[in-house]
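Since every read-out is calculated from the coordinates, none of them should be taken as a lab result. Remember, predicted model here, so these are calculated numbers, not experimental data. Neighbour counts run over all protein chains shown; Cβ positions are idealised from the backbone, glycine included.
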Amino acid sequence: MFTCPYCGTSYVVFQPNCSQCGGPLHPPEVIEAAGESPLAPPAAPRTISNSYTFKLMFSDGWTIAGLVFLLMGVIFAPLGLVLTVAIVTAFVGVPFLLLGLAFLIASVGVLIWRYRTSQQQVQVLKWGETTLGQVTNLQENYSVTVNGRHPWSINYQYAVNGQTYQGKVSTLNQPGNKLQQGRKIYVLYMGDHPTLSSLFPHP
C-alpha cells in the first residue's frame, strides 16, 4: 500500500500523483530516504479535491458550533411557532420562536463564514507560494468533540520578504512528530496577500 506523504491518502496500486491533493507520489525507498525532513510541496496549481472544502470545515470547532446552533434552531423555532399559534400558550411560544430564529440566523452566519474560510484555504493549497516556517504552538480543544476526537489548533510562523506572519490551522488528526513545537514545516501563502496561509501538507 502507498500513502501520500502530503495528505495521507492511501492507495493499493502505485500512481505518480495523489488524486486528492495532487502531490507527487514516490516509491517507498524514496520516502524512507527523505527521513524526518519536510517534503516540499508540488508546484502550483495543485489538484485539490472539490470535497476538501467540507473536510476542512468539519475539522473546525466553529463549524461544529454552527451545526449545534442549527439543530437548536430547528427544534425551538417550530415548537415556538406551534405554541404561538395556540393562543392559550402564546406567551410561552413567542420566546421559543424568537430564540429558535436567533439560533437559525446565528448558525447560517457561522456556517457561511466557515465555508468561505475553508474555500479560501483550498485556494491557498492550490495556488499558494512556498516558504519554510516553524510550528510555534499546539493546542487541543477539549470543549468540542467530534466522533470521540477533539480538534487541534496548530499555530505557526513564517517570513515573507523579511516580514514575519502568524498562521493557524485546525485538524481532527492528532499532530504527529513532524508537527511538534519547534519543527520546520512548509507553509503556502498567497503572494498578493501573505496573511492568507496554510500548512502543506494540511494536517
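If the convex hull of the alpha-carbon atoms of the stretch 137-199 is projected onto planes in all directions, what is the mean projected area in square nanometres?
Numbers: hull surface 19.2 nm².
Hull-based average projected area comes out at 4.8 nm².
Quick one: divide the alpha-carbon radius of gyration of the chain by 2.2 N^0.38 Å and tell me what you get. Display every interim value, and only then the final one.
Values: Rg = 21.4 Å, N = 203, 2.2 N^0.38 = 16.6 Å.
Computed over Cα atoms of the chain, the ratio equals 1.29.
Spin-label model, Glu140/Thr164: points 7 Å from Cα along the beta carbon direction are separated by 2.8 nm.
Quote the Stokes-Einstein diffusion coefficient, in whole µm² s⁻¹, for the stretch 85-152, based on the Kirkwood radius over alpha carbon pairs, a temperature of 10 °C and a viscosity of 1.306 mPa s. Write out the running numbers ahead of the final one.
Details: Rh = 16.6 Å.
Rounded, D is 96 µm²/s.
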